[in-house]
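The structure appears below as structure tokens.
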Amino acid sequence: MRENMNDSIRRDPRRAWIARNRLHPEHLSVLAALGEIGGGGAASEWLGPNGVIRRNPHAIGFIGPKGVKRIDRSGTQQGGQAPGQGRQAAQDSRRAVTIEDPAFLVAVVPDMTGGRLSGHDRDLLGLARRLADADPARPGAVLAVIFGEHKDSTLGEAGIDRLLHLEDAAFTGFSPEARLAVLAAVEREFAPHHWLLPDSPLGGADLGRRLALSLDERPATGVWQIEADGEAPLGWRCTARGAAESLDIQRPLPRVALALAECAEPVDETRHSAEPLSLTIEPPRILSRIEDLGQVAVDPAGVALAEAEFILSGGNGVKDWDGFHHAATVLAATEGASRVAVDDGFMARDRQVGATGTWVTARVYMAVGISGAIQHLQGIQRCDKVVTINRDPGCDMIKRADLAVIGDAAEILAALVEQVEQQRAEQHGGVRRDAA
Amino acid sequence: MQPDSREIEVAVLVSVGRHPVTGRARRADQDARGVEVALTLPGARVRLLHAGPADDGSEEALRGYLGMGLDRLTRVEQPEGADVVPALAQRLAAAPPQLVIAGSRAERGEGSGLLPYALAEYLGWPLVNGLAEVEGIENGVATLLQALPRGQRRRLQVRLPAIITVDGAAPMARQSAFGPARRARLESCAEVAVMDKALGEWTLMPARKRPKRLKIIKAGSARDRFKAAAAKAEGGGGQLLTDVTPEQGAEAILKLLKEEGVLR
């Protein structure tokens, strides 16, 4: 069983029937055999060499679902399965792959929105794996160039073999020139076979076009499909969107490609090593002609609900609406509401989240007093983190939430507001002290 | 007020657009937004520049820009299938404006959005993409607001001359008036044409609908597959805090908000 790497239970109805039938001539041997399969080796009862029945009391019984040993005297006992076995097997099913001596490199520059690989980045890494693994005799390695700090611990599982992680104050904010200098250094040092970037506005789309022009390549933009083609210079053809999504352009894949989301399936069967690399020659410091003065405070109420980053959403459980609005102002969150709150007239119709309202894409969605009707949960499917404050510990929203706090919504919101204000006051105090 | 010293030269690159439903020639949406940005800039002397073949359809579309309140447009005549970057770059280098505004992608042809980058590379000027608003220009430095995803804005300063590109985040273009559009002048001039050979070798076809991604469920047994198919959206492994004081609960929430970096 273990050799087969398959731990689904196989039932043999005939043997089970013999095990129940104490008068069957094969009864004892079948019981012993069943004990062997289930109980980890030892049979509980067998005929000794002198014709005496021997018993092993430790082999009887199985561990029940609550961790207590149970003994089933009916004779149908087939041995307990250790809890959590199946789940472990599912986690370990990824095959570890290490590419020691790659024939070539495929460089990927993911966006890392919010310090994590986005769905678009994962698709792009899947595309990079297709390019790298096309010829099993000459495996390539995927090199990811990541700027700034990241909080993703699953880089290897996304298909990254080599990781060039650069942390510097020069890469914060809008810094295409500093990033381009690093990519030029990567080009000189590693000379990757392919460059892949996400064609996402304000991320790879900008950097990729700059990179292509500095490498003197004509990039393929809006790539959504690639296929092998022996006649093309790099061995691949691509299909790219052009002319405001109205044309499909088929062309040989150039060295620099900017790909759309869903250009390939993300990696999910292998785990790669994500070995850290570093540049031997520091890229030159470039005096940027563009100065980033930082983000501007935007009125969160003016941001469309569908594209808001941080939503504070209220439902039937909110009784103190003034406190709720105050909390949204202090946290600088866009306000949302469940259908009940809208129907009861506490919030405007355009603030409704859910299947019948707006499908939101927030990075953090904070639900206050919302039990989580299925329509509401559909509407928040694409949110990254869900925080909920609720009175009922058994509601559906808590199953969805990454952090659930059980308690009175008004009190918790008031405490949160107080802590945030206190923290801001401390920060301002610190700044003033520094300046003095 | 000293109008002469504050006046800045702005060139807007415009192209012939394509209506997404009918396919007719029209003023391109992003380019029209670029014209709108230029027209709302105080003290700007705006000129329009277009490179492309001269025919009736394109003239109609180009007059759409003129109807926004401009009296002339310069068309650099280029044959169909020419690479317009060298022609435009020479034109701009001959009489350099302080600011060039362009839409980020064309609605016809390859539509790769490379042209502003190629011009920036050729002229050696800085480029800022995704512009939402020009806040002001003082002493040869422009203060811009760049549109970030999720409705956020970022303030940038760039030394002129520079190229900026606008996309859907810029303000909507004003309506085009028919009479002024007919009366305005459409000037033509010639420039050496460089043919785009690579584009001729590619296969162009109407966009095919992209296949919808299927949810792939990898499960060993039928029971797992059924569970995956029937599953509700669940985060899984969420933290549940019961019997805590409001302060402790608020602290946990605050920690998560700070980790995610949504608190400013």
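The values are calculated or read from the model by the stated rules, or taken from the named source; none is laboratory data. All figures in this text were calculated on a predicted structure; none of them were measured in a lab. Here the Cβ is made from the backbone with ideal geometry for all residues, glycine too, and neighbour counts use every protein chain on show. Please note that ligands, DNA and RNA were not included when accessible areas were found on the heavy atoms of the full protein model with its side chains. Shrake-Rupley method; radii C 1.70, N 1.55, O 1.52, S 1.80 Å.
Structural remarks
- Contacts under 9 angstrom Cβ, first residue in segment A:295-311 being within 7 Å of chain B (Cβ to nearest Cβ), partner open to solvent by 30 Å² or more (accessible area, probe 1.4 Å) and of a type in the set (A, V, I, L, M), 6 or more apart: A:Val298/A:Ala332; A:Phe310/A:Ala332; A:Phe310/B:Leu263
- Neighbours by Cβ (under 8 Å, 6+ apart or cross-chain): first from segment A:159-183, assigned by TED's automatic domain parsing to the domain that holds A:Arg130; second open to solvent by less than 30 Å² (accessible area, probe 1.4 Å) and polar (S, T, N, Q): A:Gly159/A:Thr270; A:Phe174/B:Gln146
- Residues in segment A:272-291 that are away from chain B (no Cβ under 14 Å) and among the hydrophobic types (A, V, I, L, M, F, W, C): A:Ala274, A:Leu277, A:Leu279, A:Ile281.
- Where B:Ile216 falls short, out of the listed (1) farther than 24 Å from B:Asp31 by Cβ; (2) open to solvent by less than 80 Å² (accessible area, probe 1.4 Å); (3) among the β-branched types (Val, Ile, Thr): (2)
- Pick from segment A:313-367, criterion in contact with a Pro (Cβ under 9 Å, 6 or more places away or on another chain) and assigned to a strand (DSSP E or B), ranking: nearest to the other protein chains (Cβ to nearest Cβ): A:Thr334
- Exactly one residue out of A:Glu269, A:Glu262 is at the interface with chain B (Cβ under 7 Å from one of its Cβ atoms), open to solvent by 10 Å² or more (accessible area, probe 1.4 Å) and touching a residue at least 60 places away in the same chain (Cβ under 8 Å), and it is A:Glu262.
- Restricting A:Ala16, A:Ala107 to those that are within 41 Å of the chain's Cα centre (by Cα), at pLDDT 65 or above, surrounded by 14 or more Cβ atoms within 10 Å (Cβ to Cβ) and not basic (Lys, Arg) reduces the list to A:Ala107.
- Test: residue in segment B:121-143 that is aliphatic (A, V, I, L, M), part of a loop (DSSP other than H, G, I, E, B) and closer than 28 Å to B:Gly64 by Cβ: no
- Filter result for B:Arg47 (out of contact with any His (no Cβ under 8 Å at 6 or more places or on another chain), part of a strand (DSSP E or B) and more than 23 Å from A:Glu245 (Cα to Cα)): yes
- Verdict on A:Gly119 being within 22 Å of the chain's Cα centre (by Cα) and open to solvent by 20 Å² or more (accessible area, probe 1.4 Å): yes
- One residue from B:Leu144, B:Leu131, B:Leu127, B:Leu123 being within 17 Å of A:Pro176 (Cβ to Cβ), more than 10 Å from chain A (Cβ to nearest Cβ) and without any contact (Cβ under 8 Å) to a residue 60 or more places away in the chain: B:Leu123
- Residue within segment B:27-40 that is open to solvent by 20 Å² or more (accessible area, probe 1.4 Å) and more than 19 Å from the chain's Cα centre (by Cα) present: no
- Just so you know, in segment A:275-307 the residues that are charged (D, E, K, R) and in contact with an Asp or Glu (Cβ under 9 Å, 6 or more places away or on another chain) include one that is farthest from A:Leu105 (Cα to Cα), and it is A:Arg289.
- Filter result for B:Val85 (surrounded by fewer than 20 Cβ atoms within 10 Å (Cβ to Cβ), in contact (Cβ under 8 Å) with a residue 12 or more places away in the chain, among the hydrophobic types (A, V, I, L, M, F, W, C) and not in a strand (DSSP E or B)): yes
- Selection count where residues are more than 7 Å from every other protein chain (Cβ to nearest Cβ), surrounded by fewer than 16 Cβ atoms within 10 Å (Cβ to Cβ) and under 20 Å from B:Gly130 (Cβ atoms), scope segment A:215-252: 0
- Of all residues in segment B:188-207 being in contact (Cβ under 8 Å) with a residue 12 or more places away in the chain and acidic (Asp, Glu), the one that is surrounded by the most Cβ atoms within 10 Å (Cβ to Cβ): B:Glu191
- Checklist (1) without any contact (Cβ under 8 Å) to a residue 24 or more places away in the chain; (2) of a type outside the set (Asp, Glu); (3) farther than 30 Å from B:Leu145 by Cα applied to A:Ala337, failing item: (1)
- Residues of segment B:177-227 satisfying the condition of being touching a Gly at 6+ places or on another chain (Cβ under 9 Å) and modelled with pLDDT of 90 or more: B:Ala177, B:Phe178, B:Gly179, B:Pro180, B:Ala181, B:Arg182, B:Ala184
- Condition check for B:Arg210: surrounded by fewer than 19 Cβ atoms within 10 Å (Cβ to Cβ) and within 22 Å of A:Pro219 (Cβ to Cβ): yes
- Residues within segment B:147-163 that are assigned to a loop (DSSP other than H, G, I, E, B) and at the interface with chain A (Cβ under 7 Å from one of its Cβ atoms), tallied: 2
- So A:Arg255, is it among the basic types (Lys, Arg) and within 12 Å of chain B (Cβ to nearest Cβ): no
- Selection count where residues are hydrophobic (A, V, I, L, M, F, W, C) and either open to solvent by 20 Å² or more (accessible area, probe 1.4 Å) or not assigned by TED's automatic domain parsing to the domain that holds A:Thr361 (or both), scope segment A:399-433: 5
- The single condition among (1) under 20 Å from the mean Cα position of the chain (by Cα); (2) open to solvent by less than 40 Å² (accessible area, probe 1.4 Å); (3) touching a residue at least 24 places away in the same chain (Cβ under 8 Å) that B:Gln98 does not meet is (2).
- Subset tally (residues that are part of a loop (DSSP other than H, G, I, E, B), within 12 Å of chain A (Cβ to nearest Cβ) and under 27 Å from B:Ala44 (Cβ atoms)) for segment B:12-34: 2
- None of A:Ile370, A:Ile389 is within 10 Å of chain B (Cβ to nearest Cβ), open to solvent by less than 30 Å² (accessible area, probe 1.4 Å) and not basic (Lys, Arg) except A:Ile389.
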